[in-house]
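Enquirer: Would you mind keeping the following structure in view while I ask a few things?
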Amino acid sequence: MTTRTTARRLLDVAGTTYAAQADITLRNRPEPLYRLLVLSVLLSTRIKAEIAVAANRELAEFDTPERMLRATWQQRVDALGRGHYVRYDESTATALGQGAELLRDEYSGDPREMRAEADGDADALRKSLRRIPKLGPVGADIFCREAQAVWPELRPYFDKKALTGARRVGLPGGAEELAELVDEEDLARLAAACVRVTLEKGTAERVTQPATTG
């Protein structure tokens, strides 16, 4: 397969963003961006992505910092528990409240104000994101990887996990080279697919092995 064909097959096999998996219709609006921010916090912990995604769905009713703050700590714990996010439920419930408070007080509850503050500088955006409790460098990468779908200035965004996955299926190991293989609107999907190659057993083989016909 050519690299372009491999990239297309990778999108077909594993090109679901984590936002889409969590039922987030990502747009440049406060609510879906905040839900993505919460998802990035949940995915930052050493826990299976499927559990983080399930927990994010359970937290969907708290889709703004104000709603997250109106929820009691126990309500946040219970929602995380329903998603089986149980090892870190109490500390994460606390962190989500603290993060919501920071966003409300310093960014008017709107993640787009972080974007405006960064003024097109991805490093500055990552620095602001890391102020959110439990959202370290990994979480900042997750957010930027997915947000490039609606924030074009982040494109192409492929972090270390994504680049590792790309090389594993024979694709280039650089962001600019990868960006040449797909349409611009598919970059977030390609980045997510590359991460799935890195994290999900058997994904690389499904991409590189010829499809069988029945």
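Enquirer: Please verify whether Asp63 is closer than 25 Å to Asp186 by Cβ, at pLDDT 95 or above, of a type outside the set (A, V, I, L, M, F, W, C) and surrounded by fewer than 21 Cβ atoms within 10 Å (Cβ to Cβ), treating the condition exactly as stated. Before you say what the answer is, go through the steps one by one.
Expert: Values: closer than 25 Å to Asp186 by Cβ: no; at pLDDT 95 or above: yes; of a type outside the set (A, V, I, L, M, F, W, C): yes; surrounded by fewer than 21 Cβ atoms within 10 Å (Cβ to Cβ): yes.
No, not satisfied.
Enquirer: Here's something else I'd like to know. Name, by its number, the condition in (1) farther than 23 Å from Tyr18 by Cβ; (2) open to solvent by less than 40 Å² (accessible area, probe 1.4 Å); (3) among the charged types (D, E, K, R) that does not hold for Arg76.
Expert: (1)
Enquirer: Residues that are closer than 15 Å to Thr17 by Cα and open to solvent by less than 30 Å² (accessible area, probe 1.4 Å): find the helices (runs of 4 or more DSSP H) completely inside region 158-204 holding 3 or more of those.
Expert: Values: elements: 160-168, 175-179, 187-199.
Fully inside region 158-204 and qualifying: 187-199.
Enquirer: Quick one: how many residues across region 182-212 are free of Cβ contacts under 8 Å to residues at least 60 places away in the same chain and hydroxyl-bearing (Ser, Thr, Tyr)?
Expert: 2
Enquirer: I want to confirm something. Restricting to region 85-106 and keeping residues that are among the β-branched types (Val, Ile, Thr) and surrounded by fewer than 19 Cβ atoms within 10 Å (Cβ to Cβ), which single residue is nearest to Met68 (Cα to Cα)? It would help to see each step written out before you state the result.
Expert: Going through region 85-106, the residues among the β-branched types (Val, Ile, Thr) turn out to be 86, 92, 94.
When the remaining residues are screened for being surrounded by fewer than 19 Cβ atoms within 10 Å (Cβ to Cβ), the result is 86, 94.
On the way: Val86: 19, Thr94: 11 Å.
Taking the candidates together, the pick is Thr94.
Enquirer: Under 7 Å by Cβ, and 6 or more places apart or on different chains, what pairs join a residue from region 91-106 that is in contact (Cβ under 8 Å) with a residue 40 or more places away in the chain with one that is among the basic types (Lys, Arg) and open to solvent by 60 Å² or more (accessible area, probe 1.4 Å)?
Expert: Going by the 7 Å Cβ cut-off, the qualifying pairs are Thr92/Lys134; Ala95/Lys134.
Enquirer: Okay, moving on. Can you say whether Leu96 is touching a Ser or Thr at 6+ places or on another chain (Cβ under 9 Å) and under 11 Å from Val38 (Cβ atoms), as far as the supplied structure shows?
Expert: Values: touching a Ser or Thr at 6+ places or on another chain (Cβ under 9 Å): no; under 11 Å from Val38 (Cβ atoms): yes.
When the stated conditions are applied, Leu96 does not pass them.
Enquirer: Would you check if Arg57 is open to solvent by 30 Å² or more (accessible area, probe 1.4 Å) and touching an Asp or Glu at 6+ places or on another chain (Cβ under 8 Å)?
Expert: Numbers: open to solvent by 30 Å² or more (accessible area, probe 1.4 Å): yes; touching an Asp or Glu at 6+ places or on another chain (Cβ under 8 Å): yes.
Against the criterion (open to solvent by 30 Å² or more (accessible area, probe 1.4 Å) and touching an Asp or Glu at 6+ places or on another chain (Cβ under 8 Å)), Arg57 qualifies.
Enquirer: Looking at Gly109, Gly139 in this structure, which one is in contact (Cβ under 8 Å) with a residue 40 or more places away in the chain, open to solvent by 10 Å² or more (accessible area, probe 1.4 Å) and touching a Ser or Thr at 6+ places or on another chain (Cβ under 7 Å)? Steps first, answer last, please.
Expert: Working: Gly139 fails: open to solvent by 10 Å² or more (accessible area, probe 1.4 Å).
Only one candidate qualifies: Gly109.
Enquirer: Sticking with this structure for a sec: Go through region 119-137 and report how many residues are assigned to a helix (DSSP H, G or I) and farther than 12 Å from Trp151 by Cα. Break it down into steps so the answer makes sense when it comes.
Expert: Keep residues of region 119-137 that are assigned to a helix (DSSP H, G or I), which gives 122-129, 137.
Filter again for farther than 12 Å from Trp151 by Cα, leaving 123-124, 126-129, 137.
Counting residues in region 119-137 that are assigned to a helix (DSSP H, G or I) and farther than 12 Å from Trp151 by Cα gives 7.
Enquirer: Take the residues in region 18-54 that are surrounded by 21 or more Cβ atoms within 10 Å (Cβ to Cβ) and hydroxyl-bearing (Ser, Thr, Tyr), then tell me which one is nearest to Gly109 (Cα to Cα).
Expert: Taking the candidates together, the pick is Tyr34.
The values are calculated or read from the model by the stated rules, or taken from the named source; none is laboratory data. Computed from a predicted model, the values in this text were never measured in an experiment. Cβ coordinates were reconstructed from backbone atoms using ideal geometry, including for glycine residues, and neighbour counts include every protein chain displayed. These accessible areas exclude ligands, DNA and RNA; they are computed on the full protein's heavy atoms, side chains included. Shrake-Rupley method; radii C 1.70, N 1.55, O 1.52, S 1.80 Å.
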